[in-house]
Amino acid sequence: MYMDALLSLRGRSGQQVRLQHVRGHVGEVGNEGADALAVRGTKLDDVDEPDWDTLRLRLNEEPGLKRGAITDGKFADANISVSLS
């Protein structure tokens with residue numbers, strides 16, 4: 001029922017939605033590897049999210065640090081951009 005509502009909403013906004021069955025990971029080497037990594041990832045301990053604002057402030061205050069510099073085995077700052085097109 002939820003899927004019907006989503007498809008109806010998309011249709012009213014002029015978007016065309018086509019659902020296609022995609023065969024699972026069976027026999028696809030890359031997909032099998034990705035699946036194995038995903039399963040391993042679910043078994044890892046949770047980690048706290050870094051305080052990115054504090055890290056950025058520290059980076060700006062310490063002239064010796066450069067973007068992406070590794071200090072104490074960790075990145076001093078991460079500048080990540082994602083584009084969805």
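For the range 15-22, putting each phi into the Karplus relation 6.51 cos²θ - 1.76 cosθ + 1.60 with θ = phi - 60° gives couplings of 7, 9, 10, 10, 9, 9, 5, 10 Hz, in residue order, rounded to whole numbers and with x for Gly and Pro.
If packing is taken as the average count of other Cβ atoms within 10 Å, what order do 38-48, 52-62 fall into, highest mean first?
Values: 38-48: 6.8, 52-62: 11.9.
Answer by packing, highest mean first, reads 52-62, 38-48.
Between LYS43 and TYR2, what length comes free when the chain is fully extended (0.36 nm per residue of separation minus the Cα-Cα distance, one decimal in nm)? Before the final figure, lay out each step's value.
Working: separation 41, 0.36 × 41 = 14.76 nm, distance 3.01 nm.
11.7 nm is the gain from fully extending LYS43 to TYR2.
Throughout, read-outs are computed from the coordinates displayed, never taken from laboratory work. Fair warning: this is a prediction, and the values are worked out from it, not measured in the lab. Because the Cβ atoms are built from the backbone with ideal geometry, glycine has one as well, and the counts that use them run over all protein chains shown.
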